[in-house]
Amino acid sequence: MRKRIVGRLCPTLSPAFHRMEPPGRERHGLAARSGERAGANESNALQQGGECAFTLIELLVVIAIIAILIGLLFPAFRAVQDQAKRTQAKNDLTQIVNAVNAYYTDYGKYPLVAADTTYGPGGTANNLLFNELRSTATATQNPRQIVFISPPSVKNPSNPRSGIALQATTINGISVAIGDFVDPWGTPYNVTIDGSYDNSVANPYGAQTTGGAGPDPVPSGVIGWSRGKDQTLGTNGDNVYRNPTTGAQSDDVISWQ
Ligand SMILES: [Ca+2]
């Protein structure tokens, strides 16, 4: 017979509880007979109400089921978080492109550049561009002090995410400087501006046939991109945005598609 361990969840106590008298306190005579009658009554109640106490094994099974459900939900939760970050990056890139175009509208030229220039990792310091667009004290080409973009400061300066970096640091080998606009994974955004004014800039992923990110050059005055969660261009640095053959998508986020 299996041992019942929990009785308080029942409307009536399990008979097992009545057998757990402390040593030396066994009941005798009328009290014992009274107890037997009470036990008999409760046994009858249990028989009438059905068994509702559960065993240790049943308790462990419930705990195991809950653990399995948590295990199933955790990857889904991470996927939702990643998608939210990608959406954030896409919104940031849209704002960056709009800010540079607004600068062009106001000043009749692009900020800083005299030739096609890429800001961010692998190019010119990202903060130089955003000092102009944010009209900070170090801006040199925003005499009207127009704020074209106003990202928040990062919440954790030593581990910057989604905002303007407040201190110099290095994340996965990528340098972050004060004033850099970093993406949700801590990499400064890349931005290429058409300083030669021919309405085309180099596609960082190369030709559509190899990089899968549209034509090279991109027919645009300004483009921006994020290296995504892996912090490399394409997947593990393969420079492929979307594999033209398999359709496999990298984790990068780009402004022009
Ligand atoms: Ca990537």
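A compact table of results
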quantity: Length gained when the stretch Asp198-Ile178 is fully extended (0.36 nm per residue, less Cα-Cα span); calculated: 4.0 nm
quantity: Per-residue Cβ neighbour rank within 10 angstrom, fewest leading, Trp225, Trp256; calculated: Trp256, Trp225
quantity: Sequence of Ile174, Ile63 once ranked by neighbouring C-beta atoms within 10 Å, starting from the fewest; calculated: Ile63, Ile174
quantity: Residue-count net charge about Gly195 - beta-carbon cut-off 13 Å; Lys, Arg +1, Asp, Glu -1; calculated: -2
quantity: In range of the label at Ala102: residues from the stretch 115-151 whose backbone nitrogen is under 12 Å from the point 7 Å along Cα→Cβ; calculated: 133-135, 146-151
quantity: Added length on full extension, which subtracts the Cα-Cα distance from 0.36 nm per residue, Ile70 to Ile146; calculated: 22.4 nm
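No value in this document is a laboratory result; all are computed from the given coordinates. Keep in mind that this is a model prediction, so the values were computed, not measured. Cβ sites come from the backbone with ideal geometry, for glycine too, and all protein chains shown count toward neighbours.
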